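A.B. asks: Please find one structure pasted underneath; my questions will follow.
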Amino acid sequence: MPADHRLPTTVRPTRYEPHLEVGLAADTFEGRVTIDVVIEDRCSRIELHADGLEAQAIELATDEATIEPELREQPDDRWILDLPRTLEPGEATLSITYEGEIGDDMTGLYRSEAGEERCLVTQCEPSDARSVFPCFDEPTFKAEIAWRIRADEDQQVLANGSLAETREHEDGTATRVFDATPPIASYLAAMAVGDFEASDPVDHHGVPFRVWALTDAEELGQRARDQAARLTSWFEAYFEQPYPYATYDQLAVPSFSFGAMENVGLVVFRKPLLLLDREMSTWDEEKALDRVVAHELAHMWFGNLVTMAWWDDLWLNEAFAEWIAHEALDQLEPGHEIWHAFRQRTDQALATDALDSTHAIYHPVQTPAEAMEMFDAITYGKGSAVMRMLEAYLGPETFRQGLASYIETFAEDNARGSQLWDHLAQASDEPVTEIMRAWVTQPGHPCVAMRLVDEGVVELTQRHHRARRTTTLQAATWPVPVVLRWADRAGVHETSVLLEGESTEIELDPAGEIAWLVGNADQGGFYRVDHGPELGQRLRANVRELSPAERWGLIRDSFSLVKAGRRSMDDHLRLVDETATGQAHFAFVDDLVGHVRELERMLETHGDAEALAGFRSWVMAAFGSALEELGTHAKPGEKPARRHRRGTVLMALAGIGGDEATLDPVLEQAETERSDPEEIDPEQAQVAVRVAARHGDHGTFETFRETYLARRDTGDPPQQVEGYLHSLPLFREDESLEALLGMVADGEIPQQSIGPLLETMLTQPHAQGAALDHVEAHAQDLLETTGPAWIARIVEAIGHVGGDRRQQARAFLEGEIGEIAPESTERALERLDQSEELAEAGVAEELAAWAREHA
């Protein structure tokens, strides 16, 4: 990497002792850090990082003398300490006394608050440890951290490491002394101060597992605590390594930029992803908590114990944790059917990866600021899908052995992705490096076309897939692990092949005619499939024989081919119509209703009232029989999947279809939920609140606003608070949208929720204009309050703005905002181009004509 973006390696830290004096009401803090360093080569200066810190005294002690370096502050967060003489290789201790700022932008050491709740907490990834204490703030400089934190004695203090000692002072403060961690990267440093309470600990081989929160840690934290302990046993067996740290604390804070952060021994969460009332929560909320707990815990081995050498391998950290979280839960909680959620994220990644503006999984990163834009669908969705595809190709046990060898070799050290491929190749004797180089360094993905050459021979042909009509396809190929599932009169079979070139033929040797053949068995591969007319017809005739994932894959692949101009919208809609009725699996119904909403948004943007009415009539016909089978109310002892499917069907019929016979009872359920939430099934409660918002007037909006604020301030379970908060963008009256944006401006919305609310509004035709005006007027404020990661997501959501606001969106994206989030801006601009192309090609009119036929 260029020298001006990286610290020199002549001086390396081995241990930090940050001493902080903090107060909840203060805007600044006092700090002192001692840094043990090793001087590996003769040097006359030391370079390290500091951001927003005011140095008061600096000393460097060696065996020979104590000297005072001269500080030169650089504009790129570097401090250069010029030494009065050249130092020889050896050991030294650097001591720095300084003052820092307590922020409010959810980075560094900041005040996390919402309503009456308040605490101090840190968020150091990717490069904000330097705003907490001067440090060598790059992943490769791993060092021990031993915190010393002075705060009010009645406050709880948490940090990396075990609490070793509490020293009380006469002024009512106390210093908490923490044991040193093993060597860790600075971005994993963490501490927090507040009126926290803890759940009872669960002991795992001497390691206490606890949940901390400002309220209800014991009552609402048991699920997360117990799952973390169970998952630890699974991960220890998988990696063949014990849990590597002394504690495992999970902390819920009022406002946090990400879902959670995998700090060593002190994982910080958004409240709804850690605290859960199982009797009052939906199945999806329970699974989301389990997924995030598993993801963050997996990082303790993959990311923390073995750490990326630089931010360009960030994808490997996140993709691996995302994949293995699902793998672990699939085995520990098979009833979750957790791969359904994984496939949904994979489909989002496929859509993004089909744009010209996509990027390779491995993306050169010059600075940590550039790394912030890498927390996207490609890093998480495509990266984890490719990991899963590789595991399936190598075999689960071979893959596990290679990973265990990698973890053992690089424990407490840094590694690169290529070194993982080496270990997997040694374990499997397969060309892993060549396979992964193509998938990781080459942007995009293939569409594999299937054609019956004769009854026993299938031709596979891959081409670079782009969901654009005016794009130039690259002459690119991938080594594609294709898994076919097919049926003949002898039964159902699976056939695997590695498609390495542009085309190949497979002999299947069927018993008679092939009844059906699906080209991506259970949607396990990261590629699109075009089954062609003949195989497509056989699949439609036997669609009930396919797994829910395969049925959904047919629809998503078809819609992507529509965008690419390789299939008509009319043909796609016939496929949707043929597969919509009589579906009994929650996953397919969930996905199908999501696509129905997507089609509805296209019609709303198109502005054809007659077509919308016809479309809603089709929705009522398509899902009406399902509600007759399910009934309108939950029954004692029902399985979660059935309760969830009922809620999804009610959303389709009452929310989208507007069926009065269904809508009126659902609105009554919303009233019941507001007055006594324990009287209604959580799955139906969530749907009822959202449907009532979608069909509500401004008076209802004000009622929902008051309910949200009251529940927030009385400390109700976070899911019951969040349900009302995230229903507010669904109200359609201009007065309500203006009031919601006023809540954002006035601070009634927690910092962590501003980004998600604006992202939702920007993707909804009825709210896009108001949200776009707000983002334009408050762009700088949003950057300061939501942070660069959420600004990138907000910018990308602007790409969904349609109709007469499209040109306004384009002009804004082509302005200064493009410099803040260039990758996201490029994707947003391309999505605007894509929607214009589809409009010019008459795709929306084709959808409208089909819908009018159902009026």
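A.B. asks: Tell me, which residue of region 455-471 that is of a type in the set (D, E, K, R) and not in a loop (DSSP other than H, G, I, E, B) is farthest from E840 (Cα to Cα)?
C.D. replies: Of everything passing the filter in region 455-471, E459 is farthest from E840 (Cα to Cα).
A.B. asks: Another one. If Y393 passes every condition in (1) of a type in the set (F, W, Y); (2) farther than 22 Å from R485 by Cα; (3) open to solvent by 60 Å² or more (accessible area, probe 1.4 Å) but one, which one does it miss?
C.D. replies: The one condition Y393 does not meet is (2).
A.B. asks: Restricted to region 96-117, and to residues that are closer than 22 Å to L725 by Cβ and not in a strand (DSSP E or B), which residue is most open to solvent (accessible area, probe 1.4 Å)?
C.D. replies: The residue in question is E116.
A.B. asks: Restricting attention to region 245-281, which residues are farther than 17 Å from R291 by Cα, touching a Pro at 6+ places or on another chain (Cβ under 7 Å) and buried (at least 21 other Cβ atoms within 10 Å of the Cβ)?
C.D. replies: T247, P254, S255 - these are the residues of region 245-281 that are farther than 17 Å from R291 by Cα, touching a Pro at 6+ places or on another chain (Cβ under 7 Å) and buried (at least 21 other Cβ atoms within 10 Å of the Cβ).
A.B. asks: Identify, from the list V480, V458, the residue that is over 31 Å from the mean Cα position of the chain (by Cα) and at pLDDT 95 or above.
C.D. replies: From the options V480, V458, the qualifying one is V458.
A.B. asks: Being crowded, with 17+ Cβ neighbours inside 10 Å and not β-branched (V, I, T) is the filter here; which residues of region 431-449 pass it?
C.D. replies: Matches in region 431-449: M436, W439, P443, G444, H445, P446, C447, A449.
Matching residues to (1) more than 30 Å from T352 (Cα to Cα); (2) of a type in the set (D, E):
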| position | (1), (2) |
| --- | --- |
| R388 | no, no |
| Y393 | no, no |
| Q401 | yes, no |
| S405 | yes, no |
| F410 | yes, no |
| A415 | no, no |
| W421 | no, no |
| D429 | yes, yes |
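A.B. asks: Considering each residue of region 325-350, count those that are in contact with a Phe, Trp or Tyr (Cβ under 8 Å, 6 or more places away or on another chain) and more than 30 Å from F559 (Cβ to Cβ), and give that number.
C.D. replies: Looking only at that region, the number is 3.
A.B. asks: Do any strands (runs of 3 or more DSSP E) lying entirely in region 118-197 carry at least 1 residues that are surrounded by fewer than 24 Cβ atoms within 10 Å (Cβ to Cβ), of a type outside the set (F, W, Y) and free of Cβ contacts under 8 Å to residues at least 60 places away in the same chain, and which ones are they?
C.D. replies: In region 118-197, the matching strands (runs of 3 or more DSSP E) lie at 156-159, 163-168, 173-178.
A.B. asks: A further question on this structure: Mind checking which residues of region 466-486 are buried (at least 20 other Cβ atoms within 10 Å of the Cβ) and either over 18 Å from F526 (Cα atoms) or without any contact (Cβ under 8 Å) to a residue 12 or more places away in the chain (or both)?
C.D. replies: Selection gives W486 alone.
A.B. asks: Sticking with this structure for a sec: Could you grab me the full set of residues in region 612-663 that are charged (D, E, K, R) and under 26 Å from L573 (Cα atoms)?
C.D. replies: So in region 612-663, the residues charged (D, E, K, R) come out as 616, 628-629, 635, 638-639, 642-643, 645-646, 659-660.
Those that are charged (D, E, K, R) and under 26 Å from L573 (Cα atoms): R616, E628, E629, R645, R646, D659, E660.
A.B. asks: Exactly one condition in (1) out of contact with any Phe, Trp or Tyr (no Cβ under 9 Å at 6 or more places or on another chain); (2) in a strand (DSSP E or B); (3) open to solvent by 30 Å² or more (accessible area, probe 1.4 Å); (4) not hydrophobic (A, V, I, L, M, F, W, C) is not met by R72; state its number.
C.D. replies: Just one mismatch for R72, condition (1).
A.B. asks: For the subset of region 552-564 comprising residues that are more than 22 Å from W339 (Cα to Cα) and out of contact with any Ser or Thr (no Cβ under 9 Å at 6 or more places or on another chain), which member is surrounded by the fewest Cβ atoms within 10 Å (Cβ to Cβ)?
C.D. replies: Step one: of region 552-564, the residues more than 22 Å from W339 (Cα to Cα) are 561-564.
Those still in the list that are out of contact with any Ser or Thr (no Cβ under 9 Å at 6 or more places or on another chain) too: 561, 563.
Numbers: L561: 20, K563: 22.
Within region 552-564, the match that is surrounded by the fewest Cβ atoms within 10 Å (Cβ to Cβ) is L561.
A.B. asks: Suppose the filter is among the hydroxyl-bearing types (S, T, Y), outside any helix (DSSP H, G or I) and modelled with pLDDT of 95 or more; does Y238 pass it?
C.D. replies: Details: among the hydroxyl-bearing types (S, T, Y): yes; outside any helix (DSSP H, G or I): no; modelled with pLDDT of 95 or more: yes.
It is false that Y238 is among the hydroxyl-bearing types (S, T, Y), outside any helix (DSSP H, G or I) and modelled with pLDDT of 95 or more.
A.B. asks: Among A792, A767, A797, A771, which is hydrophobic (A, V, I, L, M, F, W, C), under 23 Å from P254 (Cα atoms) and touching a Ser or Thr at 6+ places or on another chain (Cβ under 9 Å)?
C.D. replies: A792
A.B. asks: Among (1) outside any loop (DSSP other than H, G, I, E, B); (2) touching a strand residue (DSSP E or B) at 6+ places or on another chain (Cβ under 8 Å); (3) surrounded by fewer than 24 Cβ atoms within 10 Å (Cβ to Cβ), which single condition is E285 missing?
C.D. replies: Here E285 clears every test but (2).
A.B. asks: Confirm whether R111 is farther than 30 Å from S255 by Cβ and either free of Cβ contacts under 8 Å to residues at least 60 places away in the same chain or not hydrophobic (A, V, I, L, M, F, W, C) (or both).
C.D. replies: no
A.B. asks: Moving on. Restricting the search to region 57-69, which residues are open to solvent by 30 Å² or more (accessible area, probe 1.4 Å), touching a strand residue (DSSP E or B) at 6+ places or on another chain (Cβ under 7 Å) and of a type in the set (A, V, I, L, M, F, W, C)?
C.D. replies: If the condition is that a residue be open to solvent by 30 Å² or more (accessible area, probe 1.4 Å), touching a strand residue (DSSP E or B) at 6+ places or on another chain (Cβ under 7 Å) and of a type in the set (A, V, I, L, M, F, W, C), then A57, A61 are the ones that fit.
A.B. asks: Does L452 satisfy the condition of being among the aliphatic types (A, V, I, L, M) and surrounded by fewer than 20 Cβ atoms within 10 Å (Cβ to Cβ)?
C.D. replies: Spelling it out, L452 is indeed among the aliphatic types (A, V, I, L, M) and surrounded by fewer than 20 Cβ atoms within 10 Å (Cβ to Cβ).
A.B. asks: Looking at the structure I just gave you, is T358 of a type in the set (S, T, N, Q), crowded, with 20+ Cβ neighbours inside 10 Å and touching a strand residue (DSSP E or B) at 6+ places or on another chain (Cβ under 6 Å)? Lay out the reasoning, then the answer.
C.D. replies: Working: of a type in the set (S, T, N, Q): yes; crowded, with 20+ Cβ neighbours inside 10 Å: yes; touching a strand residue (DSSP E or B) at 6+ places or on another chain (Cβ under 6 Å): no.
So T358 fails the test.
A.B. asks: List, please: which pairs have Cβ atoms under 9 Å, are six or more places apart or on different chains, and start with a residue in region 656-684 that is on the phi < 0 side of the Ramachandran plot and of a type in the set (D, E) and end with one that is surrounded by fewer than 19 Cβ atoms within 10 Å (Cβ to Cβ) and not in a helix (DSSP H, G or I)?
C.D. replies: Sorted first by the residue in region 656-684, then by its partner, the pairs are D681/H633; D681/A634; D681/E638; E683/A634.
A.B. asks: Going by what's in this entry, would P89 be described as on the phi < 0 side of the Ramachandran plot, exposed (fewer than 15 other Cβ atoms within 10 Å of the Cβ), at pLDDT below 95 and not hydrophobic (A, V, I, L, M, F, W, C)? Reasoning before the result, please.
C.D. replies: Numbers: on the phi < 0 side of the Ramachandran plot: yes; exposed (fewer than 15 other Cβ atoms within 10 Å of the Cβ): yes; at pLDDT below 95: no; not hydrophobic (A, V, I, L, M, F, W, C): yes.
Judged against the criteria, P89 is not a match.
A.B. asks: Identify the residue in region 508-537 that is at positive phi and surrounded by fewer than 21 Cβ atoms within 10 Å (Cβ to Cβ) and, among all such residues, is nearest to the chain's Cα centre (by Cα).
C.D. replies: Checking each candidate, the answer is D522.
Table: residues versus (1) modelled with pLDDT of 95 or more; (2) in contact with a strand residue (DSSP E or B) (Cβ under 7 Å, 6 or more places away or on another chain).
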position: A3; (1), (2): no, no
position: R6; (1), (2): no, no
position: Y16; (1), (2): yes, yes
position: D41; (1), (2): yes, no
position: I46; (1), (2): yes, yes
position: E73; (1), (2): yes, yes
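A.B. asks: Of all residues being among the acidic types (D, E) and surrounded by fewer than 17 Cβ atoms within 10 Å (Cβ to Cβ) in region 37-55, which is nearest to P84 (Cα to Cα)? Just the residue, please.
C.D. replies: Across region 37-55, the extreme among qualifying residues is D41.
A.B. asks: Further, regarding this structure: Would you check if A767 is within 30 Å of R711 (Cβ to Cβ) and at pLDDT below 95?
C.D. replies: no
A.B. asks: Now a separate question. Mind listing just one residue for me: the one in region 702-738 that is in contact with a His (Cβ under 7 Å, 6 or more places away or on another chain) and farther than 14 Å from A771 by Cβ and, of those, most open to solvent (accessible area, probe 1.4 Å)?
C.D. replies: If we take residues in region 702-738 being in contact with a His (Cβ under 7 Å, 6 or more places away or on another chain) and farther than 14 Å from A771 by Cβ, then E735 is most open to solvent (accessible area, probe 1.4 Å).
A.B. asks: Are there any helices (runs of 4 or more DSSP H) wholly within region 739-836 with 1 or more residues that are over 25 Å from M602 (Cβ atoms) and open to solvent by less than 40 Å² (accessible area, probe 1.4 Å), and if so which?
C.D. replies: Ranges flagged: 751-762, 779-786, 788-797, 817-820.
The values are calculated or read from the model by the stated rules, or taken from the named source; none is laboratory data. Values in this document were obtained by computation on a predicted structure and should not be read as measured data. Neighbour counts run over all protein chains shown; Cβ positions are idealised from the backbone, glycine included. All accessible areas refer to the heavy atoms of the entire protein, side chains included, with ligands and DNA or RNA removed. Shrake-Rupley method; radii C 1.70, N 1.55, O 1.52, S 1.80 Å.
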